[in-house]
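The values are calculated or read from the model by the stated rules, or taken from the named source; none is laboratory data. The shown structure was predicted, so the numbers you read here are calculated from the model rather than taken from an experiment. All Cβ positions, even for glycine, are placed from backbone atoms using ideal geometry, and neighbour counts span all protein chains on display. Heavy atoms of the whole protein, side chains included, go into the accessibility calculation; ligands, DNA and RNA do not. Shrake-Rupley method; radii C 1.70, N 1.55, O 1.52, S 1.80 Å.
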Amino acid sequence: MAEMEGPLHFKGKIGDLRYYYNRFVKKWIVAGNGGANRNLIMNNPKFVHTRECMSEFSACSKWSSQLRKCLLDIDHLNAGYYMGNVVKLAKIIQRKDIPGIPGRRSIFSSRYKSLLTRLDFNSEHPFSQVLSYCPELTSGPEAEWVTLKIPGFTSYYELNWPKPFEWYRIVLVISQLSDYIWNEAYMMYLPQYPLLEDRSMTARSEWMKRSRNSVDIALTASFREEALPPHDVSVPVAVGVELASYMSGNSFSAAPGNGTMAIVACL
C-alpha cells in the first residue's frame, strides 16, 4: 500500500492497482493485488499454517460481528476503524485457548469479560473524554437487569464536545454475547448460543437541555423473562451519549456521529 501525492487524484482501478481516498487517515491510497491463488492456499501442504490462521480469523470475524449486532442501537455513535480493535481483541482471547488445536481454538470471551471494557469504539471522541463522570451500575441476579445512575449530573461542565450543542440524552444497552467454539460435527466455528444478539435491550433518557443545573439520571434495562442470559455468556453493558444542536418541532437535530459510546462493564 502506498500514498498518492500530487495534484491529480482519482478513484478506481488501473490494471492491478486501485486508487481510493481514505477519509479516516485523510490520504489518497494506492493498493495492489497479489499473493498466492486460492487453490494453492487450500491444498498445498506448505500453506497449512495459513489455513489454520484463516480458520481462526473466521471465528474472530464472526465473534466481532456478533458484538457489533449486540450494540446496533448505538452503532451510530461509533467512529473510526473500531472493528479492527474488536477483531484484535477476539484474537487475544482466542490465543488464551492454550489447550486448543491450532486452527480450531475457541473464543471464550465469557472467561475474560473485563477485556471488553478496554475497547475504544470512537477514536475521534473517546467516551471517557466526552463524559466526565463514571456512571454507577447495579445489576440483578444473573444480570437479568441493569440500572445506571448518574446523580447530580451537571451537563454544562461534565459533557465535553468540540461543537456547540443544546440537547443531550443518555442511552443504556445491555446485551448477551456468546462464546465462539469449534464444532467438530459441522467442522466449523459456531456460537455456543445462537441468536443472542436479538436479546439486546435498550433504555433511553428523555432529551435534556444542556444546563448548569444538576439533574439525577436513572435508567434500567431488563431482559425479557423468557430470554434471560445463560450463566456462561458475557453481558456487555454499554452507555451512549447522544447530542443534538437544536429542537425542530417534536424532533431533534441529532446526526450520526454526534456523540460517543463505550462498554462500561461486562457482567
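Per-residue extension of 0.36 nm, minus the Cα-Cα distance of ALA185 and THR154, leaves a gain of 5.6 nm for this segment.
With θ taken as phi - 60° and the Karplus curve 6.51 cos²θ - 1.76 cosθ + 1.60 applied, the whole-hertz 3J(HN,Hα) list for region 47-60 is 9, 4, 5, 4, 5, 4, 5, 4, 4, 5, 5, 4, 5, 4 Hz, x standing for glycine and proline. Report note on the peptides 137-147, 155-165: ranked by the mean count of other C-beta atoms within 10 Å, highest first, their order is 137-147, 155-165.
Taken along its principal axes, the alpha carbon cloud of region 161-216 reaches lengths of 60, 24, 14 Å, longest axis first.
A straight Cα-to-Cα reach below 19 Å connects LYS91 with the lysines LYS62, LYS69, LYS113, residues fewer than 8 places away in its own chain not being considered.
Each residue of region 221-230 was assigned a 3J(HN,Hα) from its phi angle through the Karplus expression (A = 6.51, B = -1.76, C = 1.60, θ = phi - 60°), giving 10, 10, 6, 5, 4, 8, 9, 6, x, x Hz with x at Gly and Pro. Computed from the C-alpha gyration tensor, the three semi-axes of the ellipsoid equivalent to region 66-159 are 30, 18, 11 Å, from longest to shortest.
Multiply the residue separation of ARG210 and MET83 by 0.36 nm, subtract the distance between their alpha-carbon atoms, and state the gained length in nm to one decimal. List each step's numbers first, then the result.
Working: separation 127, 0.36 × 127 = 45.72 nm, distance 3.15 nm.
So the extension gain works out to 42.6 nm.
Split the accessible area of region 50-101 by element, probe 1.4 Å, and carbon with sulfur accounts for 62%.
Between ILE101 and ASN44, the FRET efficiency estimated from the beta carbon spacing at R0 = 22 angstrom works out to 0.60. Entry note, region 99-245: relative contact order of 33 percent, from Cα contacts under 8 Å with a spacing of 6+ residues. Rounded to whole numbers, the Karplus 3J(HN,Hα) couplings from phi for region 134-143 are 9, x, 8, 10, 10, 9, x, x, 6, 6 Hz, using 6.51 cos²θ - 1.76 cosθ + 1.60 with θ = phi - 60°, and x at Gly and Pro. Computed from the C-beta positions of SER139 and ASP198, the FRET efficiency with R₀ = 25 Å rounds to 0.75.
Once the C-beta distance of GLU52 and HIS76 is scaled by a Förster radius of 41 Å, the resulting FRET efficiency is 0.65 to the nearest 0.05. Evaluated at q = 0.12, 0.24 Å⁻¹, a Debye calculation over the C-alpha positions of region 112-222 (equal weights, vacuum) places log10 I(q)/I(0) at -0.58, -1.45.
When +1 charges are put on Lys and Arg Cβ atoms and -1 charges on Asp and Glu Cβ atoms, the dipole computed for region 107-192 relative to its Cα centre reaches about 140 debye.
Once backbone amide H atoms are built at 1.01 Å from N, MET188 has ASN183 as its partners under 5 Å, excluding neighbours fewer than 5 places away on the same chain.
Annotation: amide H of ILE217 within the under-5 Å range of ILE150, GLY152, PHE153, sequence separation 5 or more or interchain, hydrogens built in the peptide plane.
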